Amino acid sequence: MLNFGLIGRRRSDPLAALIAQLFGNAEQGAFYIPRVVNGVQSLFKDAAGTTPVTADGDPVGKMLDQSPNSINASQSVSAERPVYTLANGLDFLLFDEVDDRMLFPFIAGDADNFVFSIAVTPEVAIDSNPRYFGLVGTGINLQCGYINDSGIIFTRVANTTYNTGSEVVLGNTYVISHIVQNGIPSIRINAVNKNFSAGGDPTANSFFSNTGVLGAGYESTSNKLQGKIHAALFRYGSITESQLSDIDTYFASVAGVTL
């Protein structure tokens, strides 16, 4: 059995402060942490949320949103559920690249002001360009988040794809933020803003409709994540450098990343 309560108590104050800072003024979005939070169960084996995750290796069918918005992520198909894992004192969801993904309801928001942040460990991929996040719906098409075999980070905004140079080594863990402010995209890796350019892999494929997804970018049999997600959030609205820095610091702490 896992000592979830101790973990939750030890980390509760900085998490509560970050949630209040990001969502304290009724901002839209969601915040996912794959562990017990402040002594409250947040992971369940089934999509209905009736059977709690209690041990390393349990499948995850539902993950509660820690923001005030209750945008919970779930997976009704048992074969497509990621696995809760505790290793070296770190909690994460393990995705198999075959079919694992967590879905959450799309909410409309300001497509010109948006941030998606993730603490992720992309592992060696069978398919190229593993996606770890997608958000598609009326008035917005943000397939934020994928990595190619050369370690290049991509952000897809509407019909344009932006990419960094080779920044990521598969198998290592990173805190990555995909940011759109006043319609201008940017990419941040381990608290450093990165140069990027337009172009590369513009294919939209068959996106989910009005659905958000973790562990994949769209409804497809390829390009899913093989790796670990330690934490993730998305949020509409303008964001400050101080807020981004606090996201970096907290996500690094739960993922074992040194900034």
The stretch 152-196, residues that are among the aromatic types (Phe, Trp, Tyr) and closer than 21 Å to Val254 by Cβ: Tyr174
Count of the stretch 108-143 residues which are assigned to a loop (DSSP other than H, G, I, E, B) and either more than 24 Å from Ser42 (Cα to Cα) or modelled with pLDDT under 75 (or both): 16
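Is it fair to say Asp99 is touching a residue at least 60 places away in the same chain (Cβ under 8 Å), surrounded by 14 or more Cβ atoms within 10 Å (Cβ to Cβ) and part of a loop (DSSP other than H, G, I, E, B)? Before the answer, list the steps.
Numbers: touching a residue at least 60 places away in the same chain (Cβ under 8 Å): yes; surrounded by 14 or more Cβ atoms within 10 Å (Cβ to Cβ): yes; part of a loop (DSSP other than H, G, I, E, B): yes.
Judged against the criteria, Asp99 is a match.
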Failed item in (1) modelled with pLDDT under 80; (2) assigned to a strand (DSSP E or B); (3) not aliphatic (A, V, I, L, M), with Phe31 passing the rest: (1)
Number of positions in the stretch 49-60 that are within 15 Å of Phe104 (Cβ to Cβ) and more than 16 Å from the chain's Cα centre (by Cα): 1
Near pairs, Cβ below 6 angstrom, 6+ apart or cross-chain, from the stretch 23-43 (closer than 14 Å to Ala232 by Cβ) to any residue that is acidic (Asp, Glu): Ala30/Asp65; Pro34/Asp91; Arg35/Asp91
Given (1) surrounded by fewer than 22 Cβ atoms within 10 Å (Cβ to Cβ); (2) in contact with a strand residue (DSSP E or B) (Cβ under 8 Å, 6 or more places away or on another chain), index of the condition Asp91 fails: (1)
Unmet requirement for Ala48, which otherwise passes all of (1) surrounded by fewer than 21 Cβ atoms within 10 Å (Cβ to Cβ); (2) modelled with pLDDT of 95 or more; (3) within 23 Å of Asn190 (Cα to Cα): (3)
Odd one out for Val180, checked against (1) under 15 Å from Ile239 (Cβ atoms); (2) surrounded by 15 or more Cβ atoms within 10 Å (Cβ to Cβ); (3) at pLDDT 85 or above: (3)
Subset of the stretch 46-69 (residues that are part of a loop (DSSP other than H, G, I, E, B) and among the charged types (D, E, K, R)): Asp46, Asp56, Asp58, Asp65
Pair list, Cβ < 7 Å and 6+ apart or interchain, from the stretch 155-171 residues that are closer than 14 Å to Phe114 by Cβ and part of a loop (DSSP other than H, G, I, E, B) to residues that are modelled with pLDDT under 75 and not aliphatic (A, V, I, L, M): Ala158/Asn141
Residue match in the stretch 70-86 (condition: of a type in the set (D, E, K, R), outside any loop (DSSP other than H, G, I, E, B), touching a Phe, Trp or Tyr at 6+ places or on another chain (Cβ under 8 Å) and without any contact (Cβ under 8 Å) to a residue 24 or more places away in the chain): no
Qualifying positions in the stretch 39-57 - β-branched (Val, Ile, Thr) and touching a Lys or Arg at 6+ places or on another chain (Cβ under 7 Å): Thr51, Val53
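The values are calculated or read from the model by the stated rules, or taken from the named source; none is laboratory data. Just so you know, these numbers come straight off a predicted model, no measurement behind them. So basically every Cβ, Gly included, is an ideal-geometry build from the backbone, and we count neighbours across all protein chains shown.
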